[in-house]
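The values are calculated or read from the model by the stated rules, or taken from the named source; none is laboratory data. Given the structure is predicted, the values throughout are model-derived calculations rather than measurements. Here the Cβ positions follow ideal geometry from the backbone for every residue, glycine too, while neighbour counts run over all protein chains shown.
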Amino acid sequence: MKAPFLILLFFVPFLLFINLGCSSSDTPIQLNNDGTIKEVFLRDYTFPYDLGKPKDVFYLDRKLIEISGLSLTPDSSELVCLNDEIGRIFFLEKNSGALLSSFEFGVNGDYEGVEFVNGKYYVVKSNGTLFSIDPSSHQVTIENTFLTSANDVEGLSYWSKKNRLMIACKGSPSGKNKYKKSKAVYDFDLGKNKLKKKPMFLITHEKIKDFIAAKNASGIKEKILKKIQINDALSFAPSGIAVHPISQYIYILSANGKTLFVVDENGEILHIEFLQKSKFIKPEGIAIDSDGTLYISNEGKEAKASLMKFQFNQIEN
């Protein structure tokens, strides 16, 4: 009888940690005086992809072993990406991953995101420097921001509905030791060519804990809860970001912990997808086509980099 007793001794405190370790003022749960959950406020949401079953997996040219950033051309006919060590933009055939063409725009550096906006390609470096590039003349304009290498920028996405560039920081959320235990997404104003000082939103440890606790309390997807690894969720650090063109929700990829977060425009978490570590070697690029097709790219290590394609199953709630 000792074994079941020992299991209970371990499991009960673990559940208490998940349910009671949340005290954010933004919490989606209310607590009774004794600390038990009183009421849960969760938006009804269905994740529209099966990331365990990609429609296709393509292995990329050796030039893209350090693939970073992923987006689409204006007509959605090709995928656009970077090698994070080279100042060159690459174009891929989206139904095979074949390398079609490329052009050079700068010297070698740590380039992390690329987007096409209003006739120009925008590329961001990990130190926060933003480049706008005219594809016909290859003329490059540098748009300075207040971000630095400490912020370790790894995500760039264009939100057409809001006419903004979103810049996601893998590292420090600010330059002044603010916003501890959180990750920041900033808003670059294309009209003023200026990065707003205040983050567009923050993903905090408290939000993550609260979301998981609320899922547990409501009994939603209990099978998933058994597999949840708290450390993976809390190690969230953006490596890619994209706006879903149909739902307008924001998808944020994290190579750390190998997760995919879906959030609304205020940064409220709608879904956390835990990626299969055997399939997603180093997920750092994400793009979503106009028909909802999802693309995720993985950096290579000893092997080639890969491009994974997922079918859009249904309209999101």
Any residue at all in the range 140-154 that is within 25 Å of residue 106 (Cα to Cα) and in contact with a Cys (Cβ under 6 Å, 6 or more places away or on another chain)? yes
Determine whether residue 294 is touching a residue at least 24 places away in the same chain (Cβ under 8 Å), surrounded by 19 or more Cβ atoms within 10 Å (Cβ to Cβ) and over 12 Å from the mean Cα position of the chain (by Cα). yes
Just a yes or no: is a residue in the range 25-34 at pLDDT below 50 and of a type in the set (D, E, K, R)? yes
In the range 101-108, is there at least one residue being farther than 17 Å from residue 285 by Cβ, aromatic (Phe, Trp, Tyr) and in contact with a strand residue (DSSP E or B) (Cβ under 9 Å, 6 or more places away or on another chain)? yes
Which members of the range 268-281 meet the condition of being surrounded by fewer than 18 Cβ atoms within 10 Å (Cβ to Cβ), part of a loop (DSSP other than H, G, I, E, B), touching a residue at least 40 places away in the same chain (Cβ under 8 Å) and not acidic (Asp, Glu)? 276, 279
Given the criterion out of contact with any Phe, Trp or Tyr (no Cβ under 9 Å at 6 or more places or on another chain), assigned to a helix (DSSP H, G or I), at pLDDT 90 or above and buried (at least 20 other Cβ atoms within 10 Å of the Cβ), identify the matching residue among 207, 215. 207
Does residue 171 count as outside any strand (DSSP E or B), at pLDDT 95 or above and closer than 30 Å to residue 82 by Cα? yes
State which residue pairs qualify: first residue touching a residue at least 12 places away in the same chain (Cβ under 8 Å) and outside any loop (DSSP other than H, G, I, E, B) and inside the range 256-267, second residue of a type in the set (D, E, K, R) and surrounded by fewer than 21 Cβ atoms within 10 Å (Cβ to Cβ) in any location, beta carbons under 9 Å apart, and separation of 6 or more residues or different chains. 259/232; 259/273; 260/273; 261/273; 262/273; 262/316
